[in-house]
1. Of SER56, SER373, SER150, SER330, which has the most accessible area and how do the rest follow, probe 1.4 Å?
2. Just read off the accessible area of HIS332 with the full protein assembly in place, 1.4 Å probe, to the nearest 10 Å².
3. Just the accessible area for THR159, please: 1.4 Å probe, Å², rounded to the nearest 10?
4. Stretched out fully, how many nm does the piece from ARG166 to GLN304 gain, at 0.36 nm a residue minus the Cα gap?
5. Compute the distance in nm between two label points, each set 7 Å from the Cα along the Cα-to-Cβ direction, one at ASN217 and one at ALA260.
6. Work through the residues other than ILE375 whose Cβ is under 11 Å from its Cβ and net out their charges, Lys, Arg +1 and Asp, Glu -1.
7. Within region 73-129, report the trypsin sites (Lys or Arg not before Pro) that DSSP leaves as loop and that have at most 13 other Cβ atoms within 10 Å.
8. Let me check I've understood the local charge: for GLU180, count other residues with C-beta under 13 angstrom from its C-beta, Lys and Arg +1, Asp and Glu -1. What total comes out?
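The values are calculated or read from the model by the stated rules, or taken from the named source; none is laboratory data. Computed from a predicted structure; not experimentally measured. Glycine gets a Cβ as well: all are built from the backbone with ideal geometry, and neighbour counts include every protein chain shown. These area figures cover heavy atoms from the full protein model, side chains too; ligands, DNA and RNA do not enter into them. Shrake-Rupley method; radii C 1.70, N 1.55, O 1.52, S 1.80 Å.
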Amino acid sequence: MSRCDSGNPARAGARAGWRRGAMLAGLLLGIAGAAVLPQAAQAEPKGAARTDSKDSKDTRAARAQLGRTATAAELKAWDIDVRPDFQGLPPGRGTVAQGQAVWDARCASCHGDFGESNAVFTPIAGGTTAADIASGRVAAMTGSQPYRTSLMKLSTVSTLWDYIHRAMPWDKPRSLTVDEVYAVTAYILNLGDIVPADFTLSDANIGEVQRRLPNRNGMTTQHGLWPGRGKPDTRNTACMSNCAGKVEVSSLIPEYARGAHGDLAAQQRSFGPVRGIATGSPEDEAKPPAAQQAKAEATTAAAQPVGARLAGQYQCLACHAPDRKLVGPSFHEIAQRYRGKDAHGALAQKIRGGGQGAWGPVPMPPQPQVPESDIQAMVKWILEAK
């Protein structure tokens, strides 16, 4: 018994039990080893020089035959990642036009015709400028813009290529050819004005494109996969029973995949159709406002015009202010542009379907969840803005 155990009989008994278990395990392993070793090897006295008898050579040969060298095809199946220095990138090429054809057929159902996305997925393009391309850091990432598109966050073009190659389309990953991946990547880069419309992306020039990424200098180590963080980026578990078969509607999240990346609603902007549906556990969901705050908001809303109240209700004020430009134009600017014109239909369609280009590079997200009567009330209020 050790000195530290002398005053603790329970601990001493546990240590003794552990020693007995270890001795028993060693004995059993010795018996098992004796059963497979040749008799000559068992009889070899302790401390004797090792001999190269036929039996010992056969034993070593037999042990060497456990397992086998992986084939080139098996190694290739695992070696699929593409590094930021483009090691692992396969040869290939694809044009922007070819990428648009693949996009329309395989990608647009989830990500929209021009990367504006739908009610589940956040936009891919938008929010970047020519100044960002020149500096390598997206200015809106450090400001107050309330949402982040994929091209705003992307710091290595290899990440985009690799993710499309391995994970897209979501309902049939790795079904795109290498050239199709190059083409789709080129189309996405063109949506952000990073490459021109007649560009051909290839393994030979992708390094040049990297030097034009708007947020190439925005790399961060503050994420779960970086050493020292102590927690993973995801918390999903493999489905072991009653797993879903083929995903028929790829723009919906099946029940078994909900929560894999935390609560999407808490991670994304609070306006638009959803732009990150609630997928977290109850403790992840936002708590309701305090009673007094709700009462104050109700009092303020009652004194507002209907259109103003609806603009606040549907989070329009996150991007638009009545009298000054925020992410989008002010309501006053919109009213001035369309004064004297019948713009009710055009503006209503803009709210329903979204758009990009009329007021700058930031896309207007579609709002299909807003009732038609509310859209008409907001349009009337906006066009009458003073």
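1. From most exposed to least exposed: SER373, SER150, SER56, SER330.
2. Estimated to the nearest 10 Å², HIS332 gives 70 Å².
3. Counting only protein heavy atoms, THR159 exposes about 80 Å² to solvent.
4. That works out to 44.6 nm of additional length.
5. With each label point 7 Å from Cα toward Cβ, the separation is 3.6 nm.
6. Once positives and negatives cancel, what remains is +1.
7. Answer by residue number: there is no such site.
8. +2
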